[in-house]
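Student: Dropping the structure in here first, questions after.
The values are calculated or read from the model by the stated rules, or taken from the named source; none is laboratory data. This one's a predicted model, so the numbers in the text were calculated from it and none came from an experiment. Glycine also receives a Cβ, built like all others from the backbone with ideal geometry; neighbour counts cover every protein chain displayed.
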Amino acid sequence: MSLPGLPSFISRAFPRTRGLPFIGNLLDMRKGRIDFYSRMAEEHGSPFVMRLGLVQLIVLTDPNQIHEVLVERPADYDKSVTLSLFAEPILGKGLLTSEASFHQRQKRMVGPALSPKRLAGYAETMIDCAERSAARMIASQSVDFLEELMRATLEIVGRTLFDVDLTSDASTVAPAITEAMEALTAQFYTLLPLPPPVPTSHNRRLAKAVKVLDNVVYRILEERRRSVGDRGDVLSILLAAQDDDGSQMTDKQLRDEVMTMFLAGHETTANAVTWALYLLGRNPAVFDKARAEVDQVVGDRRLTFQDLKSLPYCLQVFKETMRLYPPAHTLSRVALRDTTIAAERVSKGQIVVMSPYAMHRRTDYFAEPTRFLPDRFLPEREATQVKHAFLPFGAGPRVCVGNHFAMLEGQILLAVYLQKLHFALSRAEPAEADPLITLRPKNGVPARVSARRPSQPS
Ligand code: HEM
């Protein structure tokens, strides 16, 4: 087998980007990675081929082509080696990184813990945490939404999935995640990415961050081992989960799954809700409409799970936010065998990169794509959207297992904040999107916050 991404046969039908000798588009990507795919898609359409050093990538921004890879021919691909090689030291072989056969087994075990049936049970906890978060912001007055959302979503993931209080860990966990993501992202854009065992400065930073995260995960596992019985949370399900042959997860598998849920389960949602608050802060008409909806449905009383179906505009705001700023801005796969995309041959070992961010901003799929227009997601208008063009959670067998959980959490956090807070963004200039492993606002979103109504955190 050729090494993944190294020059091999790539159909001449796929246009090539211009790049510098030897380094290809490495500098373009370092300078403006998130918009580079969009600019190239505008110039070349989809697919196009680009080069980072010696590694060639086929980049897709077309919904049908992405659907071919993720949904129609998932067996022809696996998670890209780049992800496995570099993310595995953190996530191990959890659901996010594990390869096909191992993955199917894991998903059978973890899936039920996050099914829509269990969500109502998590909603109460999410509402509690959202109210506490609003009270914290009111007390601080001057906040960074990203920092607060990392704290709030960490608390939610701790309580719902593991029945532990992780609030006091927020101040160590958030910087460790940032450190790990920056070190991993920097690796992607060096000429010669060296895997974690090689003690480069990036890898040393990564190892330090993983140690901090490991401490938290092992503490969660140890605490649970000391108690007995089903607490009705994800950890109980994982501990009790048995495969068809009766085998349970090993300690290492448990660590990897817990780490995956712990990271995938809060950082993405924190980014999405932060972006939503940022967009609301810059779009007063949308803000007023969303707030009017919450006032009408919830008023001064406590939000309930039942209210959520009467808050469709809040949900539209959250979806439109993830169209403009999808936390999982880029997905990648490696071809396991010779296959095709758009009826052209793609050879075994080829890396395929899919950019939901660039797809969501293509004018042929979304009119006025850079505008924040939640009414695009009115049910009757959503039904007329180009099929598969909105892809915040991936698709096919590797679709996000936490998608319903995340939608619920996003809607709850937004509704509670709209109900309880006055806020104004502290910076007038637009936020810069920082494409780490997930898409974050660079330097956070500082805001001034005050109480809108008397707040009574539980
Ligand atoms: C707004 C929040 C979220 C976004 C945008 C998001 C996005 C995604 C995407 C795009 C994938 C697919 C990656 C790929 O195909 O390569 C994924 C996978 C995954 N997500 Fe999420 N996610 C979110 C929240 C969550 C939550 C709350 C959890 C857990 C509670 C979670 C757990 C996972 C796991 C375990 C996978 C791997 C699934 C598999 O490979 O079968 N995610 N997520």
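Student: Report yes if residue 139 is modelled with pLDDT of 90 or more, surrounded by fewer than 17 Cβ atoms within 10 Å (Cβ to Cβ) and in a helix (DSSP H, G or I), otherwise no.
Tutor: yes
Student: A follow-up question, please. Among the hydroxyl-bearing types (Ser, Thr, Tyr), part of a helix (DSSP H, G or I), farther than 24 Å from residue 436 by Cα and over 22 Å from the mean Cα position of the chain (by Cα): is that true of residue 122 in this structure?
Tutor: No: the conditions fail for residue 122.
Student: Being surrounded by fewer than 24 Cβ atoms within 10 Å (Cβ to Cβ), of a type in the set (Gly, Ala, Ser) and in contact with a Leu (Cβ under 8 Å, 6 or more places away or on another chain) is the requirement here; does residue 265 meet it?
Tutor: Details: surrounded by fewer than 24 Cβ atoms within 10 Å (Cβ to Cβ): no; of a type in the set (Gly, Ala, Ser): yes; in contact with a Leu (Cβ under 8 Å, 6 or more places away or on another chain): yes.
No, not satisfied.
Student: Still on this structure, I have one more. Do we find a residue being part of a loop (DSSP other than H, G, I, E, B), more than 13 Å from the ligand (Cβ to nearest atom) and touching a strand residue (DSSP E or B) at 6+ places or on another chain (Cβ under 7 Å) anywhere in segment 324-333?
Tutor: no
Student: Counting residues that are of a type in the set (S, T, N, Q), which strands (runs of 3 or more DSSP E) fully inside segment 351-458 reach at least 1?
Tutor: The qualifying strands (runs of 3 or more DSSP E) are 446-451.
Student: With respect to the numbered conditions (1) in contact with a Leu (Cβ under 7 Å, 6 or more places away or on another chain); (2) modelled with pLDDT of 95 or more, which one is the sole condition not fulfilled by residue 402?
Tutor: Failing condition for residue 402: (2).
Student: Select from segment 378-435 the residues that are among the basic types (Lys, Arg) and within 15 Å of the ligand (Cβ to nearest atom) and list them in ascending order.
Tutor: Within segment 378-435, 398 is the sole residue that qualifies.
Student: How many residues are closer than 21 Å to residue 335 by Cβ, buried (at least 19 other Cβ atoms within 10 Å of the Cβ) and modelled with pLDDT under 90 when one looks only at segment 18-60?
Tutor: The qualifying residues number 6.
Student: Cβ contacts < 9 Å: first residue at pLDDT below 95, restricted to segment 440-458; second residue assigned to a loop (DSSP other than H, G, I, E, B) and of a type in the set (A, V, I, L, M), any location; separation 6+ or different chain. Result?
Tutor: Hits for this filter: 442/431; 443/431.
Student: Mind telling me which of the residues 270, 292, 276, 241 ends up being more than 24 Å from the chain's Cα centre (by Cα), within 16 Å of the ligand (Cβ to nearest atom) and either within 25 Å of residue 119 (Cβ to Cβ) or modelled with pLDDT of 95 or more (or both)?
Tutor: 241
Student: Within segment 81-95, does at least one residue satisfy the condition of being of a type in the set (Asp, Glu), modelled with pLDDT under 70, away from the ligand (no atom under 12 Å from the Cβ) and on the phi < 0 side of the Ramachandran plot?
Tutor: Of all residues in segment 81-95, those of a type in the set (Asp, Glu) come to 88.
After this cut, where a residue has to be modelled with pLDDT under 70 as well, the list is 88.
Subset that is away from the ligand (no atom under 12 Å from the Cβ): 88.
Narrowing the set further to residues that are on the phi < 0 side of the Ramachandran plot leaves 88.
Yes, segment 81-95 contains a residue that is of a type in the set (Asp, Glu), modelled with pLDDT under 70, away from the ligand (no atom under 12 Å from the Cβ) and on the phi < 0 side of the Ramachandran plot.
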